[in-house]
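The values are calculated or read from the model by the stated rules, or taken from the named source; none is laboratory data. What you see is a predicted model, and the numbers here were worked out from it, not measured in a lab. Don't worry about glycine lacking a Cβ; one is built from the backbone with ideal geometry, like all the others, and counts go over all protein chains shown. Quick note on the areas: whole protein, heavy atoms, side chains included, nothing else; ligands and nucleic acids left out. Shrake-Rupley method; radii C 1.70, N 1.55, O 1.52, S 1.80 Å.
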Amino acid sequence: MKRRFGALLAGVSLFAATAASAKVFEPTSFTLKNGLRVVVVENHLAPVVTQMVWYKCGAADEAPGKSGIAHFLEHLMFKGTKTVPPGELSKIVGRNGGTDNAFTAWDYTAYYQTIAADRLEMVMKLESDRMSNLVLTDPVVLPERDVIVEERRQRIDTNPQAQLAEAVNAELFANHHYGIPIIGWRQEMMQLTRQDAVDWYKKWYRPANAVLVIAGDVTPAAVRTLAEKYYGNIPAGQPQLRNNRPQEPELPGERRVVLRDAQVRQPSLVREIQAPSYASDGKEHAYALQVLADLLGGGSTSRLYRSLVVEQKLATAVSADYTPESLDRFAFALSAQPAQGVAIDKLEAALDAELAKLVKEGATAEEISDSKKRLVDSAILARDGVTGGAYAFGLALTTGQTVEDVEAWPDRIAKVEKPMVDAATILVLTKNANVTGWLLPPEGLTAVSDSTPVAPSQSEGPAGAIR
Amino acid sequence: MIRAILFALVALVSLQARAATDPQRVVSPGGIEAWLIEDHKVPVLSLRWSFLGGWALDPAGKEGLVEFACTLMDEGAGDLDSQTFQKKLADANIAFGISPERDRLSGSLKVLTQSRDLGVELAALALTKPRFDEDAVERMRAATLSNIQAELAKPGWIAGRALAEAIYGNHPYAHPQRGTLASVKTITGADMKAFMSQRLARDTLMVAVAGDIDAKTLGPLLDKLFGGLPATSPKVDIADVQLPTQGKTIVVERPIPQTIVVSATQGVRRSDPQWYAASLMNYVLGGGSFNSRLMEEIRDKRGLTYGVSSGLASYEHAASLQASGATKNQTAQQFVDLLKEEFKKMADRGVTQKELDEAKAYQTGSLPLSMTSTDKIAALLLQLRQDNLGIDYLKKRNAMINAVTLAEVNAVAKKLLDPAKLTVVMVGKPTQ
């Protein structure tokens, strides 16, 4: 998750819209002697450059009982090195007109700066410095642990929708660490120590375990020179294997999470279904699943929207999301929001009927070709911006894909045929482990009024007089 | 969630002038003016435009009308019903929409060059002949009601509502943008059609364009897109409002483990000569992300919050300085105390020369970051037009920021940062 305000990047299917395209990014890539993989994406729209360093480690690599350490270390990476005082990196970037941040997911942790192109050398020096010279002391580590606990309160503990997502996810993955929240379980986060952070850093933060992506107003030759100068002398370290993660057993039965929350007034429904990724068993379905998600829930002309919202008027919103970028099997997700007065079980039954119809009849050739065209064309839009390419390659190279895979994305989408979509449909909509979640208002609450939605329980002046 | 009410008009900053980023003024054969930054590297075109008159114009009892009407603007036009219209947009990857701001209706169209003519045709049809079919109206009404209900569970939204009511009182800025469950039920298709046909007119239209088009092609395209609109619109008549000069604290109790704190006091307008000084001051106080005093004192030193920030908001009829963050219930009072202490400290002692220099360096150095895609560039150009800045503004901006003195920044800090004037809202279960 982002170090600061920002969307949770874990498992969100935002890639389809910003994905790569046929020989569109046309990157240059090479590997330094110490194993650091480097990708350069030229983009001269503005005199700006984005540097991203992605590490091949994330929350799913954490040891039992240490949940949250990947994300905690992400925060601690801003706490200084042998030569740069705590917090100074962001200050230096800021006074050079740049912005910087970082994010953590189950399979990766990434750091980035976007800045005027003539400052690239400066940020490469800073980023390479913290790849091996991080200094952690209790006076900076302990307050930051409080910060991540506050982050959890802000993102999850005050947000019923996020609590439901966390619970559904924990049900969906009974054994794989994808069932553990990226930010961590609170009681484990509160026990994380400086030593835990140091151990994590020493194990994973090495050139052989990292990907450097530079995108923007640069040339590959200039980047290579700078990469060798600043990253080339860092000891390689051992590339860490990640093929020994606990995998999911086959679990029979229909699983369900019902969350009633005093805050909730608008019910909602989610269904999470295990699905293959680009890198897992069943990877041959990954492209067809993207077409399926689009024709099923992508926008106002999709199957589910037409049926449940336009025709039957049972829902006010629906979605289908699929995330192919993960090391292990992840999820195909459906969601729906019932219209006022529609019981959630009635909406679920209508959703199931629609899915059963799709399984029985299959998507039409026209639906499939329209979706493919939309997806392929969307790759052109991904070039309109500096960070899109950097993000695409960092994501791919930390989740088991190659540069070539990213470049071939539109071609592979274009090659999806109806039998592949039918097979993918049967795979995720009939056989796979799934969990249904309901978010509901408190029991007994039938009518909702917002005539005084925020009537303060107390209102006092003058300033400072609270209660 | 908190950020939603904070969107400071982040200082637009200057960059080393590059020919490629000099906007051109394009006037169509029909007299419609647009500012254009031409760039053919990617076959994409982005247009942004706005009309005067936004959700502050919602009539009493029909709050939410403008937002509701905007949701209908891509739901069918001319001979095309909702599904037909939506399918044409989706199949060609055309992004089109009208969104409500408090003082304006803001439009956008982003197309691949291969779909440019279709995009313009569909957008023109939507602007001049929106249908407001009953079926689409009821579907969007249901969605709006769901969205309002969903917001009732969000502490950040609750805080924003309570703050708006406290600082704007009876002013049109006080009401919820989406309306209430009761008011949305009273709005009709005819109400929305009447509103749009009044407001969508050429006299208040401003247009900005970036991407794969030249001036010669853009002229006739502007006429196709906007030429069918009426020439004039009724005057917008909304009073200015000052924020309260007497601070107060409002607690909205909610059964959650964290308290959301939002606060506001009088700010300065974008057109005010003190704007640049205020903007630099705000960067040091809480606008500078990780590099602000608020973040350093409340997050870095004490670990009390994930994020705390401040921002300046300047609208047509009000200007505010806002600060917000979230902390566990047990430290909510401490959070508010620290916030006020930082206000007072900066009012009394000002910022240091070093802090001012860093703020200037950020603001003068970061403009290129807002020009990294065609839609960002178009949005920037439109903002310049709405703020009445000249077409050569991007070249002058650096000098204007660098001319601000320490004394000017400290004077504006003294003027704005009076903790006794701060309206504070706390949502949660704050304990002493």
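Some points to look at:
- When we screen A:Ala59, A:Ala63 for residues that are more than 14 Å from chain B (Cβ to nearest Cβ), closer than 19 Å to A:Leu327 by Cβ and surrounded by fewer than 22 Cβ atoms within 10 Å (Cβ to Cβ), the only hit is A:Ala63.
- Restricting the stretch A:105-122 to residues that are within 14 Å of chain B (Cβ to nearest Cβ) and in a strand (DSSP E or B), the residue that is most open to solvent (accessible area, probe 1.4 Å) is A:Tyr112.
- Counted residues, the stretch B:113-136 - those being within 13 Å of chain A (Cβ to nearest Cβ), surrounded by fewer than 22 Cβ atoms within 10 Å (Cβ to Cβ) and of a type in the set (A, V, I, L, M, F, W, C): 1
- Residue tally, condition in contact (Cβ under 8 Å) with a residue 60 or more places away in the chain and under 22 Å from B:Tyr306 (Cβ atoms), over the stretch A:78-108: 10
- If the condition is being among the hydroxyl-bearing types (Ser, Thr, Tyr) and buried (at least 24 other Cβ atoms within 10 Å of the Cβ), then the stretch A:308-322 contributes A:Thr316, A:Tyr322.
- The stretch A:362-374 residues that are within 16 Å of A:Ile426 (Cα to Cα), paired with ones that are charged (D, E, K, R) and open to solvent by 30 Å² or more (accessible area, probe 1.4 Å) (beta carbon under 6 Å, 6 or more apart): A:Gly362/A:Asp422; A:Ile368/A:Lys418
- Residues that are at the interface with another protein chain (Cβ under 9 Å from one of its Cβ atoms) and within 23 Å of the chain's Cα centre (by Cα) are absent from the stretch B:270-277.
- Residue selected from the stretch B:149-172 under the condition facing chain A (nearest Cβ under 9 Å), among the small types (Gly, Ala, Ser) and open to solvent by 20 Å² or more (accessible area, probe 1.4 Å), by the criterion farthest from the chain's Cα centre (by Cα): B:Ala150
- Any hit, the stretch A:301-321, residues being under 17 Å from A:Arg374 (Cα atoms) and assigned to a loop (DSSP other than H, G, I, E, B): yes
- In summary, helices (runs of 4 or more DSSP H) completely within the stretch B:151-203 and bearing 2 or more residues that are charged (D, E, K, R) occur at B:155-168, B:189-199.
- Close pairs (8 angstrom Cβ cut-off, 6 or more residues apart or separate chains): more than 29 Å from B:Phe51 (Cα to Cα) in the stretch B:381-410, open to solvent by 40 Å² or more (accessible area, probe 1.4 Å) anywhere: B:Leu406/B:Gln353; B:Glu408/B:Gln274
- Of the residues contained in the stretch B:384-395, none is found to be within 14 Å of another protein chain (Cβ to nearest Cβ), surrounded by fewer than 22 Cβ atoms within 10 Å (Cβ to Cβ) and either over 22 Å from the mean Cα position of the chain (by Cα) or not in a strand (DSSP E or B) (or both).
- The residue pairs whose first member lies in the stretch A:336-353 and is open to solvent by 60 Å² or more (accessible area, probe 1.4 Å), whose second member is assigned to a helix (DSSP H, G or I) and not charged (D, E, K, R), and whose beta carbons are closer than 8 Å, counting only pairs six or more residues apart or on different chains, are A:Gln340/B:Ala142; A:Gln340/B:Leu145; A:Gln340/B:Ser146; A:Gln340/B:Gln149.
- In the stretch B:208-245, the residue that is least open to solvent (accessible area, probe 1.4 Å) out of those that are under 30 Å from B:Gln114 (Cβ atoms) and free of Cβ contacts under 8 Å to residues at least 24 places away in the same chain is B:Thr217.
- Top-ranked residue in the stretch B:289-330 [being of a type in the set (Ser, Thr, Tyr) and more than 9 Å from chain A (Cβ to nearest Cβ); ranked as farthest from the chain's Cα centre (by Cα)]: B:Ser292
- 3 or more residues open to solvent by 10 Å² or more (accessible area, probe 1.4 Å), more than 25 Å from B:Leu152 (Cβ to Cβ) and of a type in the set (Gly, Ala, Ser): qualifying strands (runs of 3 or more DSSP E) within the stretch B:251-356: none
Residues are listed down the side, and each one gets a yes or a no for (1) assigned by TED's automatic domain parsing to the domain that holds A:Arg206; (2) in a loop (DSSP other than H, G, I, E, B); (3) farther than 30 Å from A:Phe332 by Cα; (4) not charged (D, E, K, R):
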site	(1), (2), (3), (4)
A:Met124	yes, no, yes, yes
A:Pro139	yes, no, yes, yes
A:Arg153	yes, no, no, no
A:Ala167	yes, no, no, yes
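- Residue in the stretch A:272-280 that is among the small types (Gly, Ala, Ser), within 30 Å of B:Ile256 (Cβ to Cβ) and open to solvent by less than 30 Å² (accessible area, probe 1.4 Å) present: no
- When residues of the stretch B:355-369 are limited to those that are within 8 Å of another protein chain (Cβ to nearest Cβ) and aliphatic (A, V, I, L, M), the one nearest to B:Ser279 (Cα to Cα): B:Ala361
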